[in-house]
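The values are calculated or read from the model by the stated rules, or taken from the named source; none is laboratory data. Treat the numbers as computed from the prediction; the structure is a model and nothing was measured. Note that each Cβ is placed from the backbone with ideal geometry, even for glycine, and that neighbours are counted across all protein chains shown. The accessibility values were calculated without ligands, DNA or RNA, using every heavy atom of the protein model including side chains. Shrake-Rupley method; radii C 1.70, N 1.55, O 1.52, S 1.80 Å.
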Amino acid sequence: MIKFPLQYIGLVVFVLGTVFLSACSKKSPQEEVVLFNGQDLNNWSSADMSYWSVSDGAIVGGEGKDSIVHNQFIWHKEKVKDFYLKVQVKMVPNTTNAGIQFRSQKMGEEALGYQADIGEGVWGRLYHESGRQKLHWEGKGEEAVKKNDWNTYEILAVGNNIWTAINGTLSVAYQEPDGELEGFIALQVHAGPSQLVKYKSIKLIHNPELRIGEYSESELMEALVKSNGSPYMGNN
């Protein structure tokens, strides 16, 4: 049997301990969660489920309704903090309205919190449902929208910073120091005339990298606008 000096054994234990502590101190790894299985509404709930169904691998809102009496939301049970969400969305007709709630809370039949807006004139914009209302309203992603067709909607929220993109075009880059940092995701079909909104291929990642579409971390940070309307100039 080979005998090792005590000094050697001590060194090995020290190195292994250092590696272990270093690994533990790192940020939580990215974690992808399946929100929708493409077949049923398991883990989703709504005050009125008659507005929601599943068809051709998509969550469908408003199908078969002559009109939408008031805003309808379907909620997923997964709470989010820092996250990246990618969803395929189709709004028919494009002149109607819908949205994706995030870091939000139920407020009776309504929702309170951030909404990534959907519909003509509001695609990609940031709204605060039942609260602060219009937050980032430049509409930079509007020209990338495919009307009455499927669109890729991306939302990235890390700390107080929020970004959205439509079909790879950055729309919102917004910093709100006092904004909500956690809550739930919900899909909306808006009050109004007959409409159909579909959501599919829903991908959620907790603790994401600072990337959205083809935009790098530095590009995203440079694009940020603070809640007072001024450009982001770093931490101050």
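Among the residues of segment 114-130, not a single one is in contact with a Phe, Trp or Tyr (Cβ under 6 Å, 6 or more places away or on another chain), over 23 Å from PRO208 (Cβ atoms) and open to solvent by less than 40 Å² (accessible area, probe 1.4 Å).
With the condition kept exactly as written, say whether any residue in segment 30-46 is open to solvent by 40 Å² or more (accessible area, probe 1.4 Å), at pLDDT below 95 and in a helix (DSSP H, G or I). No: segment 30-46 contains no residue that is open to solvent by 40 Å² or more (accessible area, probe 1.4 Å), at pLDDT below 95 and in a helix (DSSP H, G or I). For segment 88-107, the set of residues classified as under 15 Å from LEU156 (Cα atoms) and either modelled with pLDDT under 95 or aliphatic (A, V, I, L, M) (or both) consists of ILE100 only. On inspection, GLY108 fails the criterion of being out of contact with any Pro (no Cβ under 9 Å at 6 or more places or on another chain) and open to solvent by less than 50 Å² (accessible area, probe 1.4 Å). Are any of the residues in segment 193-203 in a loop (DSSP other than H, G, I, E, B), on the phi < 0 side of the Ramachandran plot, of a type in the set (S, T, N, Q) and modelled with pLDDT of 95 or more? No, that holds for no residue. If the condition is being assigned to a strand (DSSP E or B) and either within 16 Å of the chain's Cα centre (by Cα) or buried (at least 16 other Cβ atoms within 10 Å of the Cβ) (or both), then segment 54-75 contributes VAL54, ALA58, ILE59, VAL60, GLY61, ILE68, GLN72, PHE73, ILE74, TRP75.
Only a single item in (1) more than 18 Å from LEU220 (Cα to Cα); (2) in contact (Cβ under 8 Å) with a residue 12 or more places away in the chain; (3) in a strand (DSSP E or B) is not met by LEU135, and it is number (1).
Each residue in segment 76-116 was checked for being within 24 Å of PRO193 (Cβ to Cβ) and in a strand (DSSP E or B), and 15 pass.
Residues are listed down the side, and each one gets a yes or a no for (1) open to solvent by 50 Å² or more (accessible area, probe 1.4 Å); (2) over 15 Å from ARG103 (Cα atoms); (3) free of Cβ contacts under 8 Å to residues at least 60 places away in the same chain; (4) touching a Leu at 6+ places or on another chain (Cβ under 7 Å):
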position: VAL145; (1), (2), (3), (4): no, yes, yes, no
position: ILE155; (1), (2), (3), (4): no, no, no, yes
position: GLY159; (1), (2), (3), (4): no, no, no, no
position: ALA165; (1), (2), (3), (4): no, yes, yes, no
position: PRO177; (1), (2), (3), (4): yes, no, yes, no
position: LEU181; (1), (2), (3), (4): yes, no, no, no
position: LEU187; (1), (2), (3), (4): no, no, no, no
position: GLY192; (1), (2), (3), (4): no, yes, no, no
